[in-house]
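The values are calculated or read from the model by the stated rules, or taken from the named source; none is laboratory data. Computed from a predicted model, the values in this text were never measured in an experiment. So basically every Cβ, Gly included, is an ideal-geometry build from the backbone, and we count neighbours across all protein chains shown.
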Amino acid sequence: MLRERVVEGVREGYVAMQGLIAHGRGECFDYLIGEETIPPALNAERAAVAAMLLAKHPVISVNGNVAALVPGEIIELAKLVNAKIEVNLFYRTREREELIAKVLREHGADEVLGVGDDASCTIPELFSERRRVSCRGIYIADVVLVPLEDGDRTEALRRMGKVVIAIDLNPLSRTSRAASITIVDNVVRAIPNMVRLAREMHSLGRDELMKILADFNNDENLRETIKYIVNRLMKFVSEGVMIEFPK
Ligand code: PTJ
């Protein structure tokens, strides 16, 4: 069903063809973690929500795959943490920007940044079309949530001093290793989890949120993620992988 949604997005013209390849790569890593939110991912999701609730200018960056998979949930999360929503594309065309903004508005977004002339600020040292950002959005953001991001932009945003929260099923990608907080989970689970956590954590004081953030260590959390995958695979090695059928 998820694959069909991404394919439909390609047919409608707002998901990039390369989005299909990215989705397939994501599926492969999802099988390795067992297609569920694993404990280190939940830790990262909690830290990410704390960072967004503490932020002055949180922004959620939306691309084609995200618009196809979790448009409504992105808007819900943005409302709960008071974040702006910005379209930011690797394979940027005016048509795709506008189609994604339309999808988001149809799901209840009041304001969508990064479309047309609004994307007039530039991220230094970045050469893909992702360098163009909104001067009212990602450019001035202190915390940016970037689901399905590329490594170059993650590094460039970090160099600008921003807290970068990545959602990426590949724990070894450059994005995962360069982000401040990496959530190794499928966006279709990560964003709804973050919506639930934002509701739960809304009443926490700044000190409690800061403690959650201070207790989180991304490098350690990525090691836990890789350990989880290795242990899971070792279990298959020791217990076997065959499906039993009656004789
Ligand atoms: O819409 P655009 O033009 O901005 O293009 C978007 C894509 C995704 C095509 C573009 O950013 C791209 O090429 O990304 P990459 O470099 O292929 O990286 C995508 C990463 O997201 C990979 O590491 C995948 O494993 C991961 N991924 C794919 N699907 C999911 C995912 N992570 C979480 N949830 C998913 N559903």
Reported set for region 62-86 where residues are assigned to a strand (DSSP E or B) and more than 9 Å from the ligand (Cβ to nearest atom) is Lys84, Ile85, Glu86
Looking for something assigned to a loop (DSSP other than H, G, I, E, B), more than 16 Å from the ligand (Cβ to nearest atom) and within 15 Å of the chain's Cα centre (by Cα) - is there at least one such residue anywhere in region 114-125? no
Filter result for Glu95 (under 30 Å from Glu36 (Cβ atoms) and part of a helix (DSSP H, G or I)): no
So which residues in region 152-165 are buried (at least 22 other Cβ atoms within 10 Å of the Cβ) and touching a Leu at 6+ places or on another chain (Cβ under 8 Å), if there are any at all? Arg153, Val164, Ile165
List the strands (runs of 3 or more DSSP E) inside region 127-235, counting only whole elements, that have at least 3 residues being more than 13 Å from the ligand (Cβ to nearest atom) and under 14 Å from the mean Cα position of the chain (by Cα). none
Given the conditions (1) within 14 Å of the ligand (Cβ to nearest atom); (2) buried (at least 18 other Cβ atoms within 10 Å of the Cβ); (3) over 17 Å from the mean Cα position of the chain (by Cα); (4) without any contact (Cβ under 8 Å) to a residue 24 or more places away in the chain, and given that Thr93 satisfies all but one, which numbered condition is not satisfied? (2)
Return the residues of region 1-13 that are more than 8 Å from the ligand (Cβ to nearest atom) and either within 24 Å of Gly151 (Cα to Cα) or surrounded by 11 or more Cβ atoms within 10 Å (Cβ to Cβ) (or both); say none if nothing qualifies. Arg3, Arg5, Val6, Val7, Glu8, Gly9, Val10, Glu12, Gly13
Tell me, yes or no, whether region 106-113 has at least one residue that is assigned to a helix (DSSP H, G or I) and either within 15 Å of the ligand (Cβ to nearest atom) or modelled with pLDDT of 95 or more (or both). yes
Test of understanding: among Leu213, Leu209, Leu197, Leu204, which residue is aliphatic (A, V, I, L, M), surrounded by 15 or more Cβ atoms within 10 Å (Cβ to Cβ) and under 30 Å from Glu125 (Cβ atoms)? Leu213
Would a scan of region 35-53 turn up a residue that is of a type in the set (Gly, Ala, Ser) and farther than 30 Å from Asn218 by Cα? no
